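See structure below.
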Amino acid sequence: MKVLITENLRIDLDSEQWECRHCGGVLHPARDNYKRGLLVYNRDPREIHKPLLDPSKYTLTYSPNPEWCRILEYYCRHCGAMIETEYLPPGHPPVRDIELDIDALKAQWKDRPEVSEAPIGSDPPRKVHSHDHGAHR
């Protein structure tokens, strides 16, 4: 059973592995941080947020200082799809932004049909309660 987690990630509950939703490639064990199975590009924040003022004339240019900020881009090692991006201070380890109870997830999904694509543009089905507001006057 494969469960969609984000627009880029899913978990195979049978093998307990993170997978790329773009190519289906196995990334890393699902009980660990998925980012450990991805390629990481440590970006200079000035490449993304170009200085608004001339750096040769001004110390503060409205561009992030790379001594204080770094941008980590995470990519699937199989297909190259970007999976996640995060801003961190230099030296800070990657954030573990998703931590799931795999055993509880298995129990929740054991009797459900597998969903291979997220529904788009519709509200989730809701149980309709029928009652008459006029009867309470």
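Descriptive notes on the structure:
- Of the set (1) surrounded by fewer than 11 Cβ atoms within 10 Å (Cβ to Cβ); (2) in contact with an Asp or Glu (Cβ under 6 Å, 6 or more places away or on another chain), all apply to Pro66 but (1).
- Matching residues in the range 31-63 - criterion: being open to solvent by 50 Å² or more (accessible area, probe 1.4 Å) and within 30 Å of Asp14 (Cβ to Cβ): Arg31, Arg36, Leu39, Val40
- Qualifying positions in the range 29-76 - within 18 Å of the chain's Cα centre (by Cα) and of a type in the set (Asp, Glu): Asp32, Glu73
- Filtering Arg77, Arg21, Arg96 for residues that are of a type outside the set (Phe, Trp, Tyr) and without any contact (Cβ under 8 Å) to a residue 40 or more places away in the chain leaves a single hit, Arg21.
- Test: residue in the range 4-14 that is in a loop (DSSP other than H, G, I, E, B) and surrounded by fewer than 13 Cβ atoms within 10 Å (Cβ to Cβ): yes
- Matching residues in the range 15-26 - criterion: being open to solvent by less than 50 Å² (accessible area, probe 1.4 Å) and farther than 11 Å from Ile83 by Cα: Glu16, Gln17, Trp18, Gly24, Gly25
The values are calculated or read from the model by the stated rules, or taken from the named source; none is laboratory data. All values reported here derive from a predicted model rather than from experimental measurement. Glycine also receives a Cβ, built like all others from the backbone with ideal geometry; neighbour counts cover every protein chain displayed. The protein model used for the area step is the full one, side chains on, heavy atoms only, and it has no ligands, DNA or RNA in it. Shrake-Rupley method; radii C 1.70, N 1.55, O 1.52, S 1.80 Å.
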